[in-house]
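A short worksheet on the structure shown next.
The values are calculated or read from the model by the stated rules, or taken from the named source; none is laboratory data. Quick caveat, the model's predicted, so the values are computed rather than measured. Here Cβ is always computed from backbone atoms with ideal geometry, including for glycine, and neighbour counts include all displayed protein chains.
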Amino acid sequence: MSDKVALITGCSKRIGKEIALFLSNEGYKIIIHYNSNDGTENKLKKNLTTDSKKIKFDLNKVEEIKNFTKKCITKFGKIDLLVNNASIFKKDGLEEMEIIKTLNINLIAPYLLSLYVGNHMKEKGSGKIINLTDSVASSEPWKGFSSYSVSKSGLEMVTKSLDKELGNKVQVNSIAPGPILKPSNNNVKIYKNSFKEENALKSIISALKIFLNSKRISGKSISVDNCESIISD
């Protein structure tokens, strides 16, 4: 049984939940980050096979990220793996407050969290950071989703930049999903291809395994998108 600890943001449901279940089965102790008291965080905790602890935090409060990081580290005394999964996906209409909120949650929060957790990992001698981005929006923005597209392309650059800033003790990579799960809002129809949820989730876990098993790969991205990003109009 591993004694490693994983912090997964936004992991009470959807892709984050699948990652948490997989890592728990691999022996990781799990820090369950969530922001909504809808019961899914408790259900996940019951289904995990290893020790886990919950922490509620609104990632929009970027000025409190450093304190949030400290609280996460104290849960088990360390963090070996950070998965920046939390994200919001909604039309912004170019409205100022919606733009700021999306950039805070999808870009600024994971950037700062990676920096603070990354420094912790450097001090203890090793660690891995994996960012969940978007294979399509990172290069081909959608009308009405400007801030989302900017945030995900920015997070890809954060991955590459922190690979250099944090040094060879910390591996920083990204997984870029495409049409994995249908958007919560059924009126949002932006993907060209059909959803194959079971296969797509398995592919994300396969990409995760590659990064977990590698001692050298860093600053790289794996697209999991049913070829969406390479299919032309």
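When every residue of region 31-45 is checked against the conditions, at least one turns out to be out of contact with any Gly (no Cβ under 8 Å at 6 or more places or on another chain) and within 23 Å of residue 166 (Cβ to Cβ).
Table: residues versus (1) in contact with a Lys or Arg (Cβ under 8 Å, 6 or more places away or on another chain); (2) within 19 Å of residue 9 (Cα to Cα); (3) modelled with pLDDT of 95 or more; (4) not aliphatic (A, V, I, L, M).
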{"residue": "88", "(1), (2), (3), (4)": "yes, yes, no, no"}
{"residue": "109", "(1), (2), (3), (4)": "no, yes, yes, no"}
{"residue": "118", "(1), (2), (3), (4)": "no, yes, yes, yes"}
{"residue": "122", "(1), (2), (3), (4)": "yes, no, yes, yes"}
{"residue": "127", "(1), (2), (3), (4)": "yes, yes, yes, yes"}
{"residue": "131", "(1), (2), (3), (4)": "no, yes, yes, yes"}
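Summed over region 8-35, residues that are at pLDDT 95 or above, among the aliphatic types (A, V, I, L, M) and under 12 Å from the mean Cα position of the chain (by Cα) total 3.
Just the residues that are of a type in the set (A, V, I, L, M, F, W, C) and touching a helix residue (DSSP H, G or I) at 6+ places or on another chain (Cβ under 8 Å), please, taken from region 106-131.
Across region 106-131, the qualifying residues are 107, 108, 109, 112, 113, 115, 117, 129, 130.
I need the full set of residues from region 59-77 which are within 19 Å of the chain's Cα centre (by Cα), of a type outside the set (Ser, Thr, Tyr) and surrounded by 19 or more Cβ atoms within 10 Å (Cβ to Cβ), in order please. Across region 59-77, the qualifying residues are 59, 62, 65, 68, 72.
Limited to region 5-58, what total is found for residues that are basic (Lys, Arg), buried (at least 20 other Cβ atoms within 10 Å of the Cβ) and part of a loop (DSSP other than H, G, I, E, B)? Looking only at that region, the number is 0. If I ask for residues that are touching a helix residue (DSSP H, G or I) at 6+ places or on another chain (Cβ under 7 Å), surrounded by fewer than 23 Cβ atoms within 10 Å (Cβ to Cβ) and outside any helix (DSSP H, G or I), which ones from region 154-172 would you list? Residues satisfying the conditions are 166, 167, 169. Residue pairs whose Cβ atoms lie under 9 Å apart, sitting 6 or more positions apart in sequence or on different chains, and linking a residue in region 197-217 that is closer than 15 Å to residue 135 by Cβ to a partner that is among the hydroxyl-bearing types (Ser, Thr, Tyr), are 207/223.
Confirm whether residue 126 is of a type outside the set (Asp, Glu), buried (at least 21 other Cβ atoms within 10 Å of the Cβ), touching an Asp or Glu at 6+ places or on another chain (Cβ under 8 Å) and over 24 Å from residue 18 (Cα atoms). Step through it out loud before you land on a result.
On the way: of a type outside the set (Asp, Glu): yes; buried (at least 21 other Cβ atoms within 10 Å of the Cβ): no; touching an Asp or Glu at 6+ places or on another chain (Cβ under 8 Å): yes; over 24 Å from residue 18 (Cα atoms): yes.
When the stated conditions are applied, residue 126 does not pass them.
Contact map, region 50-70: residues that are modelled with pLDDT of 95 or more and hydroxyl-bearing (Ser, Thr, Tyr) paired with residues that are in a loop (DSSP other than H, G, I, E, B) and crowded, with 16+ Cβ neighbours inside 10 Å, Cβ distance under 7 Å, separation 6+ or inter-chain. Pairs shown: 50/28.
Any residue that is closer than 23 Å to residue 177 by Cα, in a helix (DSSP H, G or I) and basic (Lys, Arg) - is there at least one of those in region 92-107? Yes, region 92-107 contains at least one residue that is closer than 23 Å to residue 177 by Cα, in a helix (DSSP H, G or I) and basic (Lys, Arg).
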